[in-house]
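Down below is the structure, laid out as C-alpha cells.
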Amino acid sequence: MPTSLFGRLTLILVVGLLAAQFATLWFHLGDRTLLFSRGEYRAAGLPIRFWIHMALTLTAVIAASLIAVRMVTRPIQRLVEAADAFGRDLDSPPLSETGLTETRHAAEAFNRMQRRLRRLIAERSRALAAVSHDLRTPLTRMRLRADLVEDEVLRSQFDTDIDIMQTMVEATLDYLRGLRDNEPIQNIEIEALLASLVADEQALGRPVTLAEVRAAHYPGRLSVLKRALANLVDNAVKYGHEANLSVVDTPTALCILIEDRGPGIADIDLERVVEPYVRLETSPNGTAGGIGLGLAIAHDAARLHGGDLNLENRTEGGLRARLVLPRKTFTAE
C-alpha cells in the first residue's frame, strides 16, 4: 500500500477503473462462454476490439488520474515547502493565496501564523534590546561606584556580580541574534573558516587541533556558523580539556566533528543539554559554566541551515559534537 496521498489516490482510481471494465465485460458481453469454458479463463477467445478498448481506456484514465492527483496534492507540497522554508528563515515569502477554496483557506491560515510569529519575535527582540540597553547604564554606574569601595574583598564581590550580569545580558542577546539573522547566504570555504578559528584559539594557548580538511565550499551564513563552531570549541576546551576538529564531506551533507577527552555527558542529558539555559555544571561564582546558551546557539545555527547538532559519548572517553549541514538546502546569492 503506498504511503503518500498521491500514490493512494492513484491506486484507488486505477483499481476502480479495472473493476468497472471487468464488470462491464461480465454484464454486457454477449457470449459468456468466451470467458469461461469448463471453469477456465480463455483469453484467446476475447475479441481484439475489447482489448483495444481496454488498453485505450486504461491509458486515458491513468493519464487523467495522474494529472488530477497532481493538482490535488501539489498545494499540500507547496505548503510543506513553505513551512520548511519558514522554519529556516523568518523572512521567507508568504504562501500564494490562490487555487481552490480549501487551498486558499489553508494558505491564508499559514500566512496569518507566519505574520504573528514574525511580530512576536520582533517584539521580543525589541524588548530585550531595550532592556539590555537600559541595563548597561546602571551596570556602568555600579562598576564605577565599586571602584570607590575601599574594602578589597567587598570590591571584588561587586565586580564579580557585575561581570555575571554583563555576561548574562551579552549571551542572551547573542542567542537572540542567532535566532533571527538576516545575513545573506554565501559560499563558505570550510578549510579557511576552521583554520582561522583554530589559529585564534591556539594564539590564546588553548589545546585546539584541526585534522586535514577536504571539503567543498558550503553555501551558508558565515557569522552564524562561525559563532556556532566557536561555542562548540569553547565547550570542548572548557569541559573536555582539548578540542580536536575534523571534517567529513559527502555529496549530501557536510559534517564537522569536535571531539574532546573530558568526562562526557550522561546519556539522559544528551538531548536536553542543547536547550536554552540548561546547565549541567554549576560553579560557586556562577560564571565558569556560562548561562547555558553555547550549545543552544550551535543547535539553532544547525537548524537554521536545515541540519542538526548531535552529541554522543565516545567509547574511548570524551564527547563528540557532530554538526551536520545538509547540502542542496541553500543557494548562495
Might you check whether a residue that is assigned to a loop (DSSP other than H, G, I, E, B), more than 30 Å from Ala85 (Cα to Cα) and at pLDDT 85 or above occurs anywhere in the stretch 271-284? no
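Which residues, counting only those in the stretch 84-103, are part of a helix (DSSP H, G or I), of a type outside the set (D, E, K, R) and within 20 Å of Asp308 (Cβ to Cβ)? Can you show your working first?
Start the filter on the stretch 84-103 by keeping residues that are part of a helix (DSSP H, G or I), which leaves 84-88, 101-103.
Pick out the ones that are also of a type outside the set (D, E, K, R) and you get 85-87, 101, 103.
Ala85, Phe86, Gly87 - these are the residues of the stretch 84-103 that are part of a helix (DSSP H, G or I), of a type outside the set (D, E, K, R) and within 20 Å of Asp308 (Cβ to Cβ).
Just to be sure before I move on: is Arg303 out of contact with any Pro (no Cβ under 9 Å at 6 or more places or on another chain), more than 21 Å from Glu242 (Cβ to Cβ) and modelled with pLDDT of 75 or more in the structure I sent?
Values: out of contact with any Pro (no Cβ under 9 Å at 6 or more places or on another chain): yes; more than 21 Å from Glu242 (Cβ to Cβ): yes; modelled with pLDDT of 75 or more: yes.
Spelling it out, Arg303 is indeed out of contact with any Pro (no Cβ under 9 Å at 6 or more places or on another chain), more than 21 Å from Glu242 (Cβ to Cβ) and modelled with pLDDT of 75 or more.
The rows are residues; the columns are (1) surrounded by fewer than 16 Cβ atoms within 10 Å (Cβ to Cβ); (2) free of Cβ contacts under 8 Å to residues at least 24 places away in the same chain; (3) in a strand (DSSP E or B).
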{"position": "Glu183", "(1), (2), (3)": "yes, no, no"}
{"position": "Ser196", "(1), (2), (3)": "yes, yes, no"}
{"position": "Glu201", "(1), (2), (3)": "no, no, no"}
{"position": "Val213", "(1), (2), (3)": "no, no, no"}
{"position": "Pro219", "(1), (2), (3)": "no, no, yes"}
{"position": "Val224", "(1), (2), (3)": "no, no, no"}
{"position": "Leu245", "(1), (2), (3)": "no, no, yes"}
{"position": "Cys255", "(1), (2), (3)": "no, no, yes"}
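For (1) modelled with pLDDT under 80; (2) over 25 Å from Tyr175 (Cα atoms); (3) not in a loop (DSSP other than H, G, I, E, B), each residue gets a yes or a no:
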site	(1), (2), (3)
Ala129	yes, no, yes
Asp134	yes, no, yes
Arg141	no, yes, yes
Thr160	no, no, yes
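Of all the residues that make up the stretch 91-113, how many are farther than 20 Å from Glu183 by Cα and surrounded by 11 or more Cβ atoms within 10 Å (Cβ to Cβ)? Working first, answer last.
Keep residues of the stretch 91-113 that are farther than 20 Å from Glu183 by Cα, which gives 95-113.
Next, from what is left, pick out any that are surrounded by 11 or more Cβ atoms within 10 Å (Cβ to Cβ): 95-97, 99-100, 103-113.
Summing the residues that are farther than 20 Å from Glu183 by Cα and surrounded by 11 or more Cβ atoms within 10 Å (Cβ to Cβ) in the stretch 91-113 gives 16.
The values are calculated or read from the model by the stated rules, or taken from the named source; none is laboratory data. Everything quoted here is computed from the prediction, not taken from an experiment. Glycine also receives a Cβ, built like all others from the backbone with ideal geometry; neighbour counts cover every protein chain displayed.
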